[in-house]
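Report on one structure; see the data block that follows.
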Amino acid sequence: MKKLTSNDIRTLWLSFFKSKKHAVVEGASLIPVNDKTLLWINSGVAALKQYFDGSKVSTDKRLTNVQKSIRTNDIENVGKTNRHHTFFEMLGNFSIGDYFRKEAITWGFEFLTSKDYLGLPLDKLYFTYHPSDTESRDLWVNLGVPKSHVIANEDNYWEIGEGPCGPNTEIFFDLGPEVDARGPELLANDIDNDRFLEIWNIVFSQYNAKAGVKRENYEELPSKNIDTGAGLERIASVMQMVPSNFETDLFTPIITQLEKLSGVKYSDDIVSFRVVADHIRTATFAIADGASFSNEGRGYVLRRVLRRAVRYGQKLGMKEPFLYKLVQSVIDAMHEFYPYLVGRKDHVERLIKAEEVRFLNTLNHGEELLRGALSASKNISGEVAFKLYDTFGFPIDLTLEIASENGASVDVKGFEVLLEEQRERARAARKNLNSMASQSEDLLKFDQKSTFVDQQFEVTATVIGLFKDGVKVSESDEDVSAIFDTTPFYSESGGQVSDSGFVSNDELRAVVTAMTKAPHGQHLHHLSLDYGLIKVGDKVKLEIDGAARRSTMLNHSATHLLHRALNDVLGSEVSQAGSYVGPDYLRFDFNYNARVKEEELERIELLVNQYISAAVPLNVKYMPLSEAQKLGAKALFMEKYGDLVRVVTFAGISTELCGGTHIDNTSKIGAFVIVSESSIASGVRRIVALTGLAAYEHLKTYYDTVGRLSKELGLNDKKDIITHVRSLVEKNALLNSELTARKTQELHSIADRLAPVKSGMINVYLDFIGGVSRDDLGIIADRVRSGDEAALITLISDGAQDFSVLVSISKPLAKKVNANKVMKALTATFGGSGGGRPDFANGILKSFPERGAVLTAIIKVLDE
């Protein structure tokens with residue numbers, strides 16, 4: 001068996017399927033484009049989903065790719081097994097209504113066994129199939145596979161919700177009885193094991209799954225497809241003859257560098273090395289593809305992965321930021337196939353280092369809280385878990401993992417209740433929403449031309465297609481989707497929202513409720529009929545909301561001008577990370593690693609208004625992508641472009657690839673004002689702005705507000721407001737300082753009046769104080785402790801439904817008496833919860849704490 005590098009395998013795969021007339025498709029960004037159902041591209045087919053669900057028609061029927069993917073549903077297994085990863089690469093070959101079972105299996109056998117390709121020994125290969133799919137079984141056997149190596153398995157069926165589904169055949173490499181003495185029965189019974197390594201899965205997508213319909217009654221798809229996925233890391237481990245994926249050339253540069261940084265050998269802590277190596281690959285590629293850290297969606301997933309890596313790094317003695325130092329080793333291992341990583345190295349390192357610093361600043365405090373909770377109980381309360389998440393940035397997974405290591409449990413339900421307002425963040429990170437829409441045979445076949453006219457707000461058009469739930473109809477008197485020979489309605493794309501408006505003639509009127517694109521690119525109008533009957537062949541008037549479109553055009557053109565101004569002021573490396581262009585406002589997200597200063601924002605706003613005043617005309621041209629790139633046209637990194645592109649130019653200001661609608665001269669934008677600038681994720685900033693009449697109204701509101709303030713303050717000149725307000729702020733601060741000093745004095749007086757009860761050498765202070773906060777109780781306790789080195793102080797304040805309790809112990813006494821034990825005794829007696837440090841604890845008591853009972857509980861702890 002020949003030894004192959006990971007890049008050898010990628011190259012062989014693509015060249016093999018290219019020889020079988022497959023178009024080689026460049027791997028997509030990890031961040032899905034125009035697909036809100038996925039957080040990440042998580043398989044080879046996910047990036048080609050639109051071709052399989054029929055929402056778009058591919059010009060090529062045979063495709064092959066190498067697709068980077070992210071999945072975190074098994075993150076707890078990463079490092080503990082030889083094969084689990086959060087980032088991995090899938091080798092894929094796909095047929096969209098072209099070849100099917102026979103070719104897929106025959107070519108699979110050739111690639112696996114031919115000496116020109118992998119050359120794997122046949123006696124090491126095993127194949128599973130669905131019991132109903134005897135055709136696949138017979139094909140494998142006829143190719144020379146021993147019958148004993150072809151095994152039926154009821155689980156060999158791919159189905160995720162409604163839509164395309166079908167049986168699949170899986171290919172395994174036998175690592176031998178030295179790994180597991182059990183044999184092929186492991187495959188027959190679908191028993192998880194380390195002996196038989198799954199390296200390839202071929203799905204025969206031939207049925208249309210429907211809710212409520214038995215599988216054997218599923219209808220055949222109008223277009224049968226092949227979807228395959230082979231794991232690069234697993235094939236590499238076989239071809240490089242190493243015991244796990246982590247010993248392949250995909251990981252060894254990272255592990256070697258981590259050994260140098262930590263001074264620890266891989267063999268001394270395999271799990272920690274594997275976790276760090278896997279997670280830094282995920283973080284590097286995700287950030288390079290445009291992701292960033294945040295507390296929601298994919299940003300939360302990314303944060304969760306990186307913080308898990310930090311903690312495992314600490315097990316290797318890494319107490320300072322170190323993950324960013326591994327980025328270069330990831331690039332060393334991967335740049336040959338992913339050269340774009342080199343140019344994004346600095347950006348990736350900056351974001352990772354900043355996130356490490358952010359987490360390390362809170363990690364120790366969080367672990368201190370967690371250790372305190374673990375010492376008090378083997379069950380981590382929901383309150384503690386939520387505080388770890390909300391205050392210290394601990395993902396719940398991390399809390400669960402640490403608790404498990406210490407033989408403790410976590411009140412996850414309690415955590416989720418407290419997380420109610422934020423639960424979308426956590427849930428969105430785990431949702432598996434990659435079910436495919438059902439195919440519409442009629443829309444797939446409908447290829448009549450429809451023309452979009454972007455400079456007309458009203459046109460007369462002919463109905464050329466009507467579809468009810470994807471089925472072609474000739475007429476309809478209810479909600480229906482329509483395609484016209486020409487249309488002024490824009491379909492949401494590139495950040496610009498869809499148009500709204502009406503379809504009408506003398507006999508009908510319909511509201512356009514939404515716009516999408518049909519598989520062949522026609523604009524598909526979703527209509528809600530107010531009255532009448534719409535028929536194919538009807539002449540109708542299409543009328544968009546002109547005011548909304550005009551405002552949208554102003555905002556879209558202003559977005560281009562803003563992009564240029566950002567480059568001029570902040571630097572050419574600033575790039576677009578997302579946008580919203582609607583009639584109400586524009587939003588522009590961009591990659592930048594610092595807060596934009598006030599003077600920079602003023603300069604940006606001024607530049608945009610200067611571009612507007614320059615009255616630069618719009619120029620739109622269609623040209624080959626290569627020609628547009630030579631012109632320096634800006635393009636979105638994550639966007640896929642065809643060979644012919646639309647180039648929008650405002651001469652001397654901006655040249656961008658754009659399919660949106662624009663005003664014909666910058667002067668028509670009128671005015672531009674920045675409303676806000678903020679951070680939406682680590683390394684990503686957002687500007688919200690207004691144009692035209694909306695900008696005037698915004699400025700007028702501010703002007704009127706300043707006028708009213710001047711009047712209220714009795715000022716004749718509005719310019720004096722700042723000076724006057726500063727004076728008021730200073731006076732207010734002085735008053736607050738005096739109030740705080742007075743209140744502290746009163747609290748100290750309360751402390752000085754407290755009298756202790758003697759218990760041996762300990763002075764027990766107990767008092768019930770109404771109308772004060774928990775912070776106030778702390779000030780009283782600190783006053784007592786400062787004057788008594790043998791003080792045990794318990795202070796209780798009544799609330800509406802419960803009672804705040806504070807236990808504080810003088811530092812010298814804390815070595816003998818633990819405040820947590822006192823708190824535990826009180827909550828056990830009166831109900832409630834609480835905890836803290838050995839010398840200081842806070843809590844809540846649920847039932848009325850009678851003085852004598854409180855004192856008895858305290859003395860009992862002291863007598864133990």
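The values are calculated or read from the model by the stated rules, or taken from the named source; none is laboratory data. Keep in mind it's a predicted model, so treat the numbers as computed, not measured. Using ideal geometry, Cβ is built from the backbone for each residue, glycine included, and neighbour counts are taken over all protein chains shown. Heads up: the accessible areas ignore ligands, DNA and RNA and are worked out on the full protein's heavy atoms, side chains in. Shrake-Rupley method; radii C 1.70, N 1.55, O 1.52, S 1.80 Å.
Under conditions of 20 °C and 1.002 mPa s, the chain yields 66 µm² s⁻¹ as its translational diffusion coefficient, taking Rh as the Kirkwood radius over Cα pairs in the Stokes-Einstein equation. On the principal axes of its alpha carbon atoms, region 715-864 extends 74, 33, 25 Å, with the longest extent given first.
Most tightly packed first, judged by the mean number of other beta-carbon atoms within 10 Å of their residues, the peptides 109-119, 548-558, 591-601 read 548-558, 109-119, 591-601. Using alpha carbons only, the radius of gyration of region 616-685 set against its Kirkwood radius gives Rg/Rh = 1.04. Per-atom-type breakdown for region 181-312 gives carbon and sulfur 45% of the accessible area (1.4 Å probe, protein chains only). The calculated Kirkwood hydrodynamic radius for region 748-803 is 11.7 Å, given to one decimal from all distinct C-alpha pairs. Its Cα gyration tensor gives region 313-430 an equivalent ellipsoid, and the semi-axes of that ellipsoid, as √(5λ) in whole Å with the largest first, are 33, 17, 12.
Taking only the Cα atoms of region 798-864, the radius of gyration and Dmax are 11.4, 36 Å. Averaged over residues, the count of other Cβ atoms within 10 Å places the peptides 191-199, 169-177 in the sequence 169-177, 191-199, highest first. Region 467-533 and region 71-85 have Cα centres spaced 46 Å apart.
From the alpha carbon centroid of region 139-208 to that of region 298-346 is 34 Å.
A 1.4 Å probe run over the chain, with the rest of the protein chains in place, finds 46 Å² accessible per residue. Taking all protein chains in place and a 1.4 Å probe, what share, in percent, of the accessible surface of region 452-520 do carbon and sulfur account for? Reported share for carbon and sulfur atoms: 43 percent. Each 10 Å bin from zero up to the one holding the largest Cα-Cα distance in region 605-732 carries the following percent of pairs: 10, 25, 28, 19, 10, 7, 1. When DSSP beta bridges are restricted to pairs lying wholly in the chain, around 90% turn out antiparallel. Taking the average, over residues, of other Cβ atoms within 10 Å as the packing measure, peptides 840-848, 314-322, 269-277 rank 269-277, 840-848, 314-322 from highest down. For Asp123, the solvent-accessible surface computed with a 1.4 Å probe is close to 100 Å², ligands and nucleic acids excluded. Near the amide H of Ser579, within less than 5 Å, lie the amide hydrogens of Asp589, all on another chain or at least 5 residues away, with H placed in the peptide plane.
Each listed q (0.26, 0.31 Å⁻¹) maps to a log10 I(q)/I(0) for region 512-567, found by the Debye formula over equal Cα scatterers with no solvent: -1.13, -1.20. With the convex hull of its Cα atoms as the shape, region 1-52 has an orientation-averaged projected area of 5.0 nm².
Its alpha carbons considered, region 480-635 gives a radius of gyration followed by a Dmax of 19.7, 59 Å. Each listed q (0.18 Å⁻¹) maps to a log10 I(q)/I(0) for region 7-162, found by the Debye formula over equal Cα scatterers with no solvent: -1.41. Legend: Rg and Dmax of region 137-276, from Cα coordinates, 19.7, 61 Å. Residue pairs exceeding 25 angstrom between C-alpha atoms, taken from Lys413/Lys846; Lys68/Lys260; Lys49/Lys102: Lys68/Lys260. Here region 165-236 is treated as an ellipsoid with the same Cα gyration tensor; its semi-axes, largest first and in whole Å, are 31, 16, 7. Kyte-Doolittle cut-off 1.0, length cut-off 24 Å along the helix's own axis using Cα: show which whole DSSP H helices in the chain pass. Membrane-span-like by this criterion, though nothing is claimed about a membrane: 270-288.
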